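The values are calculated or read from the model by the stated rules, or taken from the named source; none is laboratory data. Predicted model, so just to flag it, every value in this text is computed and none were measured. Cβ atoms come from the backbone with ideal geometry, glycine included; neighbour counts cover every protein chain shown.
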Amino acid sequence: MTKKNKKKTKETTQNKKETRNLDIKGIKEKLQTPPEKKVPFYKNIFFYLGLLVIAWLIFGTDNLETMTKEEKPLNEVIRLVQEEKVQNVTVTGNSIEVQLKNGTQIITEKESDVSFQEILKDNEVSLSKIPGEYEVEHPVLWENILPTALSVLLPIAFLLFFINKMKNAGGDMLSFGKSKAKLFKKGKEETTFDDVAGNEEAKKEVKEIVDFLQHPEKYRKLGARIPKGILLVGPAGVGKTLMAKAIAGEAEVPFYSVAGSEFMEMLVGVGSARVRDLFKMAKASQPSLIFIDEIDAIGRQRGMGIGGGHDEREQTLNQILTEMDGFDPRTNVIVIAATNRPDMLDPALVRAGRFDRRISISLPDLEDRKKIIQIHVKEKPLAKDVNLEGLAKKTVGFSGADIENMLNESAILAAREDKKKIDEKDLEEAALKVTLGPEKKTLQSKKEREITAYHEAGHAVVAANLPEMDKVQRISITARGSSLGHTSFPPERDRYKETKTRLESMLATMLGGRAAEEVFFDEFTSGAADDIERATKIARKMVTEYGMSSLGPIAFNGHDEEKMWLARQMGEYHKQSEQTASKIDAEIKAIVEGAYNAAKEILKSKKESMKKLAEKLLEKETLTGDEFEAVIKE
């Protein structure tokens, strides 16, 4: 081995030792971090004793001196001055210290509003009879200074304490204008499109956004402009936030996430300052993504804040519009916003050049629900009798969040009964718990249970004798949530349109419970309140939105209830005449009454089936769809 090689080997070894020593030293420093030093008890005692000594020196010295002097009444002091026995007099406030010619010290008190010289003059005693010094001192009284000092010092001390606490909590008082957006740094975000089940059409749209961020030059060469904003629209729980995270995860760019409500603050101007700071950070780390969840919190139409508006919200919205307009064509920052109320957004926010794309994320269909279920059951042991396809069919209308919640509830129910696997019974109970609420034992009288049984039987029998109605899956008179019983007939397939015949069948089914109360008991109960409310809403939509009445295919603003309410508050609601409103009410009444009469006719013709079904419900409390079919066939 040559000398050079030996030298290099020694240097490498030495460097490794130094690095290792540094690492060990760093680890030791971390492990041997000295704990917070506690002040010894005796030092606290000395501290408090010191305070007592200072207080005694301030307030107690005068008292000590007073104890060494002889106290005399004021008349006696005046007599001594008259007899020329006094050498010196010192007046301090209301206290008079007298030194006699024989050296004796005397102290006396006078009234506060009269001077000692005036007292001598009133008693016809000349001041010249005091041969020594006559001094008048004006002492500083602590009782006069202390309130003023405390009124100044206490607010300052409180302010310093508040600032110190804010700094310790990581929220400097001077940082109100700083953005509260959470940053998911490059490479740290693990969510990808594989974690988002379903919504294949929406995925195709957002994959283009990922390609924009990864290869911007490819589009710029052809003169294409990167979209400034993307609006994710869909009902609650369908995965808008998850889709935005997947975009950031696939593109591997900094992802700033913030909720619309986090811009708002009680201080004026804070919202717009936070917007400026957020866009400044995003531009500094471009290419990057900004995600604003629930943008309708700050992006509502301007001028609609009557009776509770917030100018701060409009200033924040204006700042967002300004920032998005100010994007340089070469700026590689994309803003993603999510909302489930796109109709409430300001037109300036959703115009071309701001949020250039609107991606709709709808409720999952059958295939999407299968994929969502498969993702959420990966870590959940399922029994052999569980049919995922059947479960997907039973969850029509469920969002992704609803499905996740249902599967989580099923795992909790199985664990509560010490099961090793989740079975079909747990899943059915979890689905009911999510939609209707937990089962509860309500003490009902015999008569109330009988009325409830006929009420639920009425829903089921009417549904079984109407066209286009789905099959009954479950009937129960067990109380759940606010209802004393329930009848469930989930849709057998996903429907994207409703016919007039099906809507009328749905109305009759909803009113079947009230019809059963009248037919079999000649009585009405409050248990049908929810059925009547839902039936009335459907009938109103049939008239005002769907054009399914004699009034023809005309929209009567039934879809924009918030704007209608606002117009009524302002006294400007003149969209339709009183005669038209009366016609609408008459049409709604006719549709509801027609469905109710149809339900009564069915129940009158099926009295025997109703009695058998009600008796079975009183006996077993809950019947499955197959058991219901068996009773009907008998």
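Things to note:
- Options LEU407, LEU321, LEU388, LEU349; residue that is without any contact (Cβ under 8 Å) to a residue 40 or more places away in the chain, of a type in the set (A, V, I, L, M, F, W, C), under 30 Å from ALA284 (Cα atoms) and in contact with a helix residue (DSSP H, G or I) (Cβ under 7 Å, 6 or more places away or on another chain): LEU321
- Count - residues of the range 591-606 that are part of a helix (DSSP H, G or I) and either touching a residue at least 40 places away in the same chain (Cβ under 8 Å) or touching a helix residue (DSSP H, G or I) at 6+ places or on another chain (Cβ under 6 Å) (or both): 11
- The set of residues in the range 483-513 being closer than 20 Å to LYS537 by Cα and small (Gly, Ala, Ser) consists of SER483, SER488, SER505, ALA508, GLY512, GLY513.
- As for the range 375-391, it holds at least one residue that is more than 27 Å from the chain's Cα centre (by Cα) and under 20 Å from GLY437 (Cα atoms).
- So GLN576, is it of a type in the set (S, T, N, Q) and either modelled with pLDDT of 90 or more or not in a helix (DSSP H, G or I) (or both): yes
- All positions within the range 405-439 that are among the charged types (D, E, K, R) and farther than 21 Å from SER488 by Cα: ARG416, GLU417, ASP418, LYS419, LYS420, LYS421
- For first residues located in the range 449-476 and under 19 Å from GLU619 (Cβ atoms), partners that are among the aromatic types (Phe, Trp, Tyr) and surrounded by fewer than 18 Cβ atoms within 10 Å (Cβ to Cβ) and lie 6+ apart or on another chain with Cβ distances below 7 Å form the pairs ILE451/PHE521.
- The condition of being under 22 Å from LEU232 (Cβ atoms), touching an Asp or Glu at 6+ places or on another chain (Cβ under 9 Å) and modelled with pLDDT under 80 holds for only one of GLY269, GLY299, that being GLY299.
- If you go through the range 400-444 and keep only what is of a type in the set (Gly, Ala, Ser) and touching a Ser or Thr at 6+ places or on another chain (Cβ under 8 Å), you end up with ALA430, ALA431, GLY437.
- Summed over the range 326-358, the residues that are at pLDDT below 75 and surrounded by fewer than 18 Cβ atoms within 10 Å (Cβ to Cβ) give a count of 5.
- Within the range 308-427, helices (runs of 4 or more DSSP H) holding 2 or more residues that are closer than 30 Å to LYS218 by Cα: 311-325, 347-350
- Residue count for the range 429-447 under the criterion of being touching a Leu at 6+ places or on another chain (Cβ under 9 Å) and within 15 Å of LYS394 (Cβ to Cβ): the result is 4.
- Looking across the range 112-128, the residues that are out of contact with any Leu (no Cβ under 9 Å at 6 or more places or on another chain) and surrounded by fewer than 15 Cβ atoms within 10 Å (Cβ to Cβ) come down to SER112, ASP113, VAL114, SER115, GLU118, ASP122, ASN123, GLU124, SER128.
- Tally, over the range 578-632, of residues that are of a type in the set (D, E, K, R), surrounded by 13 or more Cβ atoms within 10 Å (Cβ to Cβ) and within 19 Å of MET469 (Cβ to Cβ): 5
- For the range 288-295, the count of residues that are modelled with pLDDT of 80 or more, more than 26 Å from the chain's Cα centre (by Cα) and not aliphatic (A, V, I, L, M) is nonzero.
- Cross-chain or 6+ apart pairs with Cβ under 9 Å, the range 234-247 first and more than 12 Å from ASP195 (Cα to Cα), then of a type in the set (A, V, I, L, M) and assigned to a loop (DSSP other than H, G, I, E, B): GLY234/ILE361; GLY234/LEU363; PRO235/ILE361; PRO235/LEU363; GLY237/LEU363; VAL238/ILE361; VAL238/LEU363; LYS240/ILE361
- Some residue of the range 536-550 being assigned to a helix (DSSP H, G or I) and within 15 Å of VAL461 (Cα to Cα): no
- Of all the numbered requirements in (1) more than 15 Å from ILE230 (Cα to Cα); (2) modelled with pLDDT under 80, ASP277 misses one, and that requirement is (2).
- Residues (under 14 Å from GLN117 (Cβ atoms) and surrounded by fewer than 16 Cβ atoms within 10 Å (Cβ to Cβ)) located in the range 72-89: LEU74
Listed here are the residues, each with its yes/no results for (1) basic (Lys, Arg); (2) modelled with pLDDT of 85 or more; (3) exposed (fewer than 15 other Cβ atoms within 10 Å of the Cβ); (4) not assigned by TED's automatic domain parsing to the domain that holds GLY625.
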position	(1), (2), (3), (4)
ALA415	no, yes, yes, yes
ASP418	no, yes, yes, yes
ILE422	no, yes, no, yes
ASP426	no, yes, no, yes
ALA430	no, yes, no, yes
ALA453	no, yes, no, no
GLU456	no, yes, no, no
